[in-house]
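Please read the structure below before turning to the comments.
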Amino acid sequence: MIPEPDGLERGGKPTLIGYTKEELCTLFEGWGMKPYVGRIVYGWLYGKGMIDFDEMTNVSKDLRGRLSENYSVGRPEVVKDLCSCDGTRKWLFRLACGSTVETVYIPEEDRGTLCVSSQVGCTLNCSFCHTGTQRLKRNLTAAEIVVQVMAARDMLGCWERRDGRFLTNIVLMGMGEPLYNVKHVFGAVKLMTDGTGLGFSKRKVTLSTSGVVPMIGEVGRELDVKLAVSLHSARNEVRNELVPLNKKYPVEELIEACRNYPGLSNAKRITWEYVMIKGVNDSEEDAHALVRVIRGIPSKINLIPYNSWSGSAYERSDEAAIDRFAKILLRAGYASPVRRPRGEDIMAACGQLNSDVSQQVVMSA
Ligand code: SF4
């Protein structure tokens, strides 16, 4: 089965990126070759990060020529490559169709995390999120999602050093709601976690949703990766404002779906993302409400001091309020690290992504 056109074509040629191992085997069988050729090409593509078919020294010259004539392994154009003073990097990629997406790399001492986008824009209009102001243009294909990881490995020069601290973790937490693009997100995650290809451990891949309840169980059953939920309030009246999807899938239904997430244990906890917004969701009462609703669920809570953007109606909570909130969670037995904002100076922090070039001009003015 040939993947759909994916916006990565170079010089009119479709890309091989996005093909599964089975699809490559089928392609080469169709060319009268043994299926194992598909496995060899797959290893070069996702295991070694080949950017030119001539790198494949263990396949025939004829095949390399035929592949070059018909396919590409091109990466998207890098429109911007911004480096924050804290080491965070943000790339703005332009796809062949002209749409742009953002991808963020967050280095830490013992690991490197890549925050990957799944849509161009978003339909969900979470009121604290800059991406939510960018109208949804379209879903990204599996190829366009996975190529963000491959392009990051190119730019970090870490194809050979995957066990080091360079690029160890993936979070699907960039632009878009992954569970509104299930087919392609699932395809991309399967490519990321295939041990003979990109090779990320399932424990190092996290899918973040704002609460598309009917699909939550499927994530655990099909992908078996970690789940993060953009909760931001345990109270429906507040969450309705912050995450309007809550009107469709209220807190009780969301929590129930998470409680039943396959494979939950103390080693595989749900991560609750909680943006701390002054006077909106940061009171002691809010903290107690959070503790009440997640009781009994193996959980970790990420407290994220709100990151502002031009035109936003909200302000970051005071440190004292964040501290009070965190202490209540800690007393209730929940690890609740306060996430130091990363990449704020390049608008790469949580909730700040927006690949709309016209809006980027306004921001930097
Ligand atoms: S928080 Fe996520 S789901 Fe909500 S608007 Fe932003 S990108 Fe979309």
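Here are some notes:
- Residues of the range 134-154 that turn out to be in a loop (DSSP other than H, G, I, E, B) and closer than 14 Å to Thr15 by Cβ, as a count: 2
- Output for the range 115-137, where each listed residue is of a type in the set (S, T, N, Q) and under 16 Å from Lys90 (Cβ atoms): Ser117, Thr131, Gln134
- One residue stands out among those in the range 47-84 that are touching a Leu at 6+ places or on another chain (Cβ under 6 Å), without any contact (Cβ under 8 Å) to a residue 60 or more places away in the chain and assigned to a loop (DSSP other than H, G, I, E, B): the one that is surrounded by the fewest Cβ atoms within 10 Å (Cβ to Cβ), which is Tyr71.
- Leu114 meets each of the listed conditions (1) touching a helix residue (DSSP H, G or I) at 6+ places or on another chain (Cβ under 7 Å); (2) among the hydrophobic types (A, V, I, L, M, F, W, C); (3) part of a helix (DSSP H, G or I) apart from (3).
- Which listed residue is acidic (Asp, Glu), closer than 30 Å to Ser308 by Cβ, out of contact with any His (no Cβ under 6 Å at 6 or more places or on another chain) and within 16 Å of the ligand (Cβ to nearest atom), from Glu102, Glu109: Glu102
- Residue in the range 122-133 that is in contact (Cβ under 8 Å) with a residue 24 or more places away in the chain, more than 15 Å from the ligand (Cβ to nearest atom) and surrounded by 24 or more Cβ atoms within 10 Å (Cβ to Cβ) present: no
- Sole exception among (1) surrounded by fewer than 24 Cβ atoms within 10 Å (Cβ to Cβ); (2) touching a strand residue (DSSP E or B) at 6+ places or on another chain (Cβ under 8 Å) for Ser117, by number: (1)
- Of all residues in the range 281-316, those satisfying the criterion of being without any contact (Cβ under 8 Å) to a residue 60 or more places away in the chain, within 23 Å of the chain's Cα centre (by Cα) and surrounded by 21 or more Cβ atoms within 10 Å (Cβ to Cβ) are Ser299, Ile301, Leu303, Ile304, Pro305, Asn307.
- Residues that are among the basic types (Lys, Arg) and more than 18 Å from Tyr46 (Cα to Cα) were ranked within the range 6-22; the one that is modelled with the lowest pLDDT is Arg10.
- Out of Asn307, Asn281, one residue alone is modelled with pLDDT under 95 and polar (S, T, N, Q). It is Asn307.
- Count of the range 249-276 residues which are in a strand (DSSP E or B) and within 13 Å of the ligand (Cβ to nearest atom): 3
- For the range 245-304, a tally of residues being more than 20 Å from Lys202 (Cα to Cα) and hydroxyl-bearing (Ser, Thr, Tyr) returns 3.
- Whichever residue in the range 134-150 is more than 14 Å from the chain's Cα centre (by Cα) and closer than 18 Å to His184 by Cβ and, among such residues, is surrounded by the most Cβ atoms within 10 Å (Cβ to Cβ): Leu136
- Leading residue by the ranking (farthest from Tyr19 (Cα to Cα)) among those in the range 168-194 that are touching a Phe, Trp or Tyr at 6+ places or on another chain (Cβ under 8 Å) and among the hydrophobic types (A, V, I, L, M, F, W, C): Ile170
- Check on Leu179, modelled with pLDDT under 95 and outside the structural domain of Glu22 (by TED's automatic domain parsing): no
- Qualifying residue in the range 321-342 (condition: away from the ligand (no atom under 16 Å from the Cβ), closer than 28 Å to Val120 by Cβ and in contact with a strand residue (DSSP E or B) (Cβ under 6 Å, 6 or more places away or on another chain)): yes
The values are calculated or read from the model by the stated rules, or taken from the named source; none is laboratory data. This is a predicted model, so every value here is computed, not measured. Here Cβ is always computed from backbone atoms with ideal geometry, including for glycine, and neighbour counts include all displayed protein chains.
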